[in-house]
Amino acid sequence: MTKKSISYYEKKLRQMIKERRKVDNVESWIEAQIEAAAMNWQMMVSLHDEIINGKFVSLEHGSMGQTKTIVNPLLSTYRDVQRTHILHLEALGLNFKTQPKKMTESGAVGSDDDDPLVKYYKGIMGE
């Protein structure tokens, strides 16, 4: 497999976010998450290729001269990178663990329009 650049994965993630959220642009505050996810995705693909093109197991000699079968140590690293990739997708809202409502809600905190106490206070103050 040809090695793809981080920008390839960033572009792919942006496109996925736009499609999922039905928007034309991705907010700038999410760029760091996209970059981290892209780097992780590239690493996962590289590890996958290395494992597939190599051996899953190898034979080694133990300290007592016995022959031991050793599993490719990259498999555990691949598993960890794959789990991290899934967490990145979740953070970006690109898997089913993310509720659709969270994809359309504003990230702004403290909207006074929906706060019943603020409405009450404005009502008694005549605002």
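The values are calculated or read from the model by the stated rules, or taken from the named source; none is laboratory data. Predicted, not measured: the structure shown is a model, and the values here were computed from it. Glycine also receives a Cβ, built like all others from the backbone with ideal geometry; neighbour counts cover every protein chain displayed. SASA here: full protein model, heavy atoms, side chains in, ligands and nucleic acids out. Shrake-Rupley method; radii C 1.70, N 1.55, O 1.52, S 1.80 Å.
Would you say residue 44 is open to solvent by 50 Å² or more (accessible area, probe 1.4 Å) and not in a loop (DSSP other than H, G, I, E, B)?
So residue 44 fails the test.
Please go through (1) surrounded by 10 or more Cβ atoms within 10 Å (Cβ to Cβ); (2) of a type outside the set (Lys, Arg); (3) at pLDDT below 95; (4) assigned to a helix (DSSP H, G or I) for residue 94 and return the number of the only condition it doesn't satisfy.
Only one criterion in (1) surrounded by 10 or more Cβ atoms within 10 Å (Cβ to Cβ); (2) of a type outside the set (Lys, Arg); (3) at pLDDT below 95; (4) assigned to a helix (DSSP H, G or I) is unmet by residue 94, namely (4).
What's the total number of residues in region 49-84 that are part of a helix (DSSP H, G or I) and farther than 17 Å from residue 5 by Cβ?
Matching residues across region 49-84 total 15.
Test residue 11 against the criterion of being closer than 19 Å to residue 91 by Cβ and either surrounded by 11 or more Cβ atoms within 10 Å (Cβ to Cβ) or modelled with pLDDT of 95 or more (or both), and give yes or no. Steps first, please.
Values: closer than 19 Å to residue 91 by Cβ: yes; either surrounded by 11 or more Cβ atoms within 10 Å (Cβ to Cβ) or modelled with pLDDT of 95 or more (or both): yes.
Against the criterion (closer than 19 Å to residue 91 by Cβ and either surrounded by 11 or more Cβ atoms within 10 Å (Cβ to Cβ) or modelled with pLDDT of 95 or more (or both)), residue 11 qualifies.
Conditions (1) among the aliphatic types (A, V, I, L, M); (2) part of a loop (DSSP other than H, G, I, E, B); (3) open to solvent by 60 Å² or more (accessible area, probe 1.4 Å); (4) farther than 23 Å from residue 78 by Cα, marked per residue:
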| position | (1), (2), (3), (4) |
| --- | --- |
| 7 | no, no, yes, no |
| 17 | yes, no, no, yes |
| 23 | yes, yes, no, yes |
| 36 | yes, no, no, no |
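Can you confirm whether residue 55 is closer than 27 Å to residue 93 by Cβ, of a type in the set (Lys, Arg) and open to solvent by 80 Å² or more (accessible area, probe 1.4 Å)?
Against the criterion (closer than 27 Å to residue 93 by Cβ, of a type in the set (Lys, Arg) and open to solvent by 80 Å² or more (accessible area, probe 1.4 Å)), residue 55 does not qualify.
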